Amino acid sequence: MNHPAFEPDTAPLEVLPRDLSAYRDGNVGIPYVHRFESGRPGPHALINAITHGNEICGMVAATHLLDSGVRPKIGTLTVSFAHVEAYEAFDIEQPYENRQLVHNLNRIWSADMLDGAEDSPELRRARELRPVLDAADYVLDIHSTRAPVQPFWVYTEMPRNTALASAVGAPEIHLVMPPGIFPGTGVMSYGRHGELDSDSGGSLVVECGQHFAQSAATLATEVSLRFLAHLGLIDAPADAAPPPAPRRYRLLEVHMVKSPDFRFTRPVIGFETFDKGELIAVNGAEEIRSPCDACTIFMPTRMPIVGREAVYLTVAA
């Protein structure tokens with residue numbers, strides 16, 4: 001699908017989906033969920049892949065953990081493939097179209113949505129995965145981006161998440177989400193993972209780079225191993241580099257697409273900066289202007305679909 005105001009995607013398809021049927025049965029009674037217990041005290045870590053159907057770098061990381069026999073020395077490791085139904089809808093002629101089927105699986109983790117009467121493939125899967133999230137002390141939710149931008153962490157603004165992302169290390173860029181600004185409720189904010197008064201555990205999203213880039217798949221695997229090593233579940237690589245100094249951006253505003261005629265004022269892919277008051281986009285009758293100097297944008301939409309996110313506005317923190 002193309003839009004006359006946006007350039008078509010031209011990124012090469014370096015990594016493509018593979019058949020996941022061999023992983024379907026899992027071992028906890030929930031399809032595509034695999035759990036390994038060490039028998040020794042320690043944290044329960046969840047590595048969660050393909051929350052969105054076309055974000056396949058997480059699939060590469062998850063299959064690596066399973067295929068290479070990674071097992072925890074302490075605590076418990078769970079590896080899950082979240083939205084296999086959307087993943088299996090991949091069409092190489094339209095490789096960006098299977099992000100979701102009805103709902104965004106990363107926006108529906110509130111009690112109102114999960115306990116409500118509405119139905120969709122995403123709600124059915126989220127309800128199925130609730131006990132998986134409930135059991136985890138630490139969550140790594142692996143994502144990727146449509147545009148070839150530098151990777152970054154995303155997490156709710158809590159000391160435990162800041163400390164966790166900083167300790168795991170690269171990517172060095174952190175997108176920090178103050179509570180109440182993020183639209184909907186994501187995997188990282190479900191249940192106790194979104195509770196501000198908790199001082200244990202942690203829940204992170206890692207955006208690894210462009211969906212089909214080999215570099216994104218490589219980073220997803222590396223981050224998963226560093227995440228587990230930091231928690232003590234596996235040994236750290238002998239050549240592990242020290243964590244880089246974080247570069248943090250604090251979310252100020254999220255704008256949703258309100259009109260099919262949504263337009264940015266210049267071509268953007270993410271990380272562009274705007275001066276205070278500068279016009280960033282036109283959203284139907286609404287103007288989106290920079291609320292501060294050096295406002296940095298994240299995740300600008302490449303296809304203006306009414307009701308979906310248009311752009312995140314941030315400032316260096």
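The values are calculated or read from the model by the stated rules, or taken from the named source; none is laboratory data. Treat the numbers as computed from the prediction; the structure is a model and nothing was measured. FYI the Cβ positions are ideal-geometry reconstructions off the backbone, even for glycines, and counts take in every protein chain you see. To get the accessible areas, we keep the full protein, side chains included, count just its heavy atoms, and leave off ligands, DNA and RNA. Shrake-Rupley method; radii C 1.70, N 1.55, O 1.52, S 1.80 Å.
Per-structure values
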{"item": "Among the residues listed as 236, 229, the single one being at pLDDT below 95, out of contact with any Cys (no Cβ under 8 Å at 6 or more places or on another chain) and surrounded by fewer than 23 Cβ atoms within 10 Å (Cβ to Cβ)", "result": "236"}
{"item": "Only listed residue being surrounded by fewer than 22 Cβ atoms within 10 Å (Cβ to Cβ), in a strand (DSSP E or B), of a type outside the set (Gly, Ala, Ser) and under 14 Å from the mean Cα position of the chain (by Cα), chosen from 154, 176", "result": "176"}
{"item": "Single condition residue 115 does not satisfy, out of (1) of a type outside the set (Gly, Ala, Ser); (2) in contact with a strand residue (DSSP E or B) (Cβ under 7 Å, 6 or more places away or on another chain); (3) farther than 23 Å from residue 15 by Cβ; (4) surrounded by fewer than 23 Cβ atoms within 10 Å (Cβ to Cβ)", "result": "(2)"}
{"item": "In the range 106-125, the residues that are touching a Leu at 6+ places or on another chain (Cβ under 9 Å), of a type outside the set (Val, Ile, Thr) and outside any helix (DSSP H, G or I)", "result": "109, 116, 120"}
{"item": "Test for residue 184: is it in contact (Cβ under 8 Å) with a residue 40 or more places away in the chain and not aliphatic (A, V, I, L, M)", "result": "yes"}
{"item": "Selected residue (criterion: least open to solvent (accessible area, probe 1.4 Å)) from residues of the range 179-214 that are within 27 Å of residue 308 (Cα to Cα) and acidic (Asp, Glu)", "result": "207"}
{"item": "Selection within the range 274-304 - polar (S, T, N, Q) and touching a residue at least 24 places away in the same chain (Cβ under 8 Å)", "result": "283, 296, 301"}
{"item": "Test: residue in the range 299-311 that is closer than 21 Å to residue 208 by Cα, open to solvent by 10 Å² or more (accessible area, probe 1.4 Å) and assigned to a strand (DSSP E or B)", "result": "yes"}
{"item": "Residue list for the range 259-295, restricted to those being of a type in the set (Phe, Trp, Tyr) and part of a loop (DSSP other than H, G, I, E, B)", "result": "262, 271"}
{"item": "Residue in the range 80-92 that is buried (at least 24 other Cβ atoms within 10 Å of the Cβ), without any contact (Cβ under 8 Å) to a residue 60 or more places away in the chain and more than 21 Å from residue 309 (Cα to Cα) present", "result": "yes"}
{"item": "Residue within the range 93-106 that is surrounded by fewer than 20 Cβ atoms within 10 Å (Cβ to Cβ) and either outside the structural domain of residue 203 (by the TED database) or touching a strand residue (DSSP E or B) at 6+ places or on another chain (Cβ under 7 Å) (or both) present", "result": "no"}
{"item": "Subset of the range 47-79 that is crowded, with 18+ Cβ neighbours inside 10 Å and either more than 30 Å from residue 11 (Cα to Cα) or not assigned by the TED database to the domain that holds residue 97 (or both) - its residue that is nearest to the chain's Cα centre (by Cα)", "result": "78"}
{"item": "Only one of 241, 245, 217 that is assigned to a helix (DSSP H, G or I) and either among the small types (Gly, Ala, Ser) or open to solvent by 20 Å² or more (accessible area, probe 1.4 Å) (or both)", "result": "217"}
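Residue by residue, here is whether (1) basic (Lys, Arg); (2) touching a residue at least 12 places away in the same chain (Cβ under 8 Å) holds:
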residue	(1), (2)
25	no, no
38	no, yes
43	no, yes
57	no, yes
71	yes, yes
